[in-house]
Amino acid sequence: MRQATPYSAAASGRVGEREAAALTTGEGSVYRQADDYDRRMSYDPSAFPPFAVTVDLVVLTVRRHALCALAVRRAEPPFQGRWALPGGFVRADEDLAQAAARELAEEAGLHAHDPSSPGPDNGAHLEQLATYGDPERDPRMRVVSVAHLALAPDLPAPRAGGDAGDARWAPVAELLQQDGYGRDGEPVAPLAFDHAQILADGVERARSKIEYSSLATAFCPPEFTVGELRRVYEAVWGVALDPRNFHRKVTGTQGFLVPTGGTTTRQGGRPAQLFRAGGATLLNPPMLRPEV
């Protein structure tokens with residue numbers, strides 16, 4: 001029987017992925033991948049190019065029945081004067097979640113929801129979205145961004161902070177335009193860096209998750225009506241929903257909404273029943289997005 005060599009085994013793709021896989025050398029000895037670690041081979045950090053890590057935030061809210069995102073105008077190069085998503089570099093003494101929560105507080109004046117905190121918490125929903133690492137995404141140096149998605153109820157006008165020259169809530173449809181003009185008549189330029197892609201991914205995450213989870217209630221105040229919740233779905237999905245069918249679905253899903261016992265007339269007309277988010281995290285059956 002022909003004896004396998006390290007070269008022929010590796011070239012054929014039959015090398016195991018774990019240390020249990022072994023190659024027999026010409027001298028009859030056995031090599032294992034784990035041997036390099038067992039010998040505590042030295043690690044030279046200078047052999048690898050340095051790069052920075054940032055967090056970028058897709059902060060979404062519903063304002064005037066439209067899905068809006070927080071945008072900041074860059075006051076410094078690169079992309080000086082262009083609109084961008086809020087974010088910043090991760091500090092040496094913080095992890096990614098801490099960095100995202102800090103930027104959320106600095107850029108939007110929001111604190112992240114703490115699920116372990118007892119009692120009502122009006123903090124913003126914050127979750128990790130995706131990682132973006134194209135070598136050319138930042139002209140300054142190699143930068144890897146870990147984007148986060150934040151959702152909160154109707155929010156006041158933001159204040160610019162950090163290296164931002166201005167900040168505003170802008171309809172996501174306007175921010176994702178590549179040309180033309182916005183509502184204020186200002187020419188629309190693409191977002192800085194790869195933030196258009198990050199924003200699009202964040203919007204799609206929100207649109208898909210409200211189909212099967214209770215995430216839509218993160219856009220609502222602690223107590224809300226079914227009509228207010230329906231307008232969240234309509235703003236996020238960009239479609240009109242039948243009020244009766246929507247009311248039947250959300251009130252018929254056990255644990256989704258819990259009556260508070262109160263009513264409100266803030267929408268005008270007859271008093272409407274108030275609800276709060278229940279303990280259910282998944283909708284069964286899901287609320288499927290209408291095809292448009």
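The values are calculated or read from the model by the stated rules, or taken from the named source; none is laboratory data. Note that the coordinates shown come from a computational prediction; the quantities given were computed from them, not determined experimentally. All Cβ positions, even for glycine, are placed from backbone atoms using ideal geometry, and neighbour counts span all protein chains on display.
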Does LEU288 qualify as being over 21 Å from ARG64 (Cβ atoms), in a loop (DSSP other than H, G, I, E, B) and of a type in the set (A, V, I, L, M, F, W, C)?
yes
What tally of residues in the range 171-211 results from selecting those that are aromatic (Phe, Trp, Tyr) and at pLDDT 95 or above?
1
Where a residue in the range 35-54 is among the hydroxyl-bearing types (Ser, Thr, Tyr) and its partner, wherever it lies, is modelled with pLDDT of 85 or more and assigned to a helix (DSSP H, G or I), with Cβ under 7 Å and at least six apart
none
Please work out if GLY133 is without any contact (Cβ under 8 Å) to a residue 24 or more places away in the chain, small (Gly, Ala, Ser) and surrounded by 12 or more Cβ atoms within 10 Å (Cβ to Cβ).
yes
Please verify whether the range 238-249 includes one or more residues that are part of a loop (DSSP other than H, G, I, E, B), surrounded by 14 or more Cβ atoms within 10 Å (Cβ to Cβ) and touching a Ser or Thr at 6+ places or on another chain (Cβ under 9 Å).
no
Taking the stated definitions as given, is THR281 surrounded by fewer than 15 Cβ atoms within 10 Å (Cβ to Cβ) and at pLDDT 90 or above?
no
Return yes or no: is GLY227 surrounded by fewer than 19 Cβ atoms within 10 Å (Cβ to Cβ), touching a Gly at 6+ places or on another chain (Cβ under 8 Å) and not assigned by TED's automatic domain parsing to the domain that holds ALA147?
no
Given the conditions (1) out of contact with any Lys or Arg (no Cβ under 8 Å at 6 or more places or on another chain); (2) assigned to a helix (DSSP H, G or I); (3) outside the structural domain of HIS148 (by TED's automatic domain parsing), every one holds for PRO221 apart from (2)
Against the condition at pLDDT 95 or above, out of contact with any strand residue (DSSP E or B) (no Cβ under 9 Å at 6 or more places or on another chain) and of a type in the set (Lys, Arg), how does ARG230 come out, does it pass?
yes
Give the residues of the range 72-110 that are out of contact with any strand residue (DSSP E or B) (no Cβ under 7 Å at 6 or more places or on another chain) and more than 19 Å from GLU136 (Cα to Cα), sorted by residue number.
ARG91, ALA92, ASP93, GLU94, ASP95, ALA97, GLN98, ARG102, ALA105, GLU106, GLY109
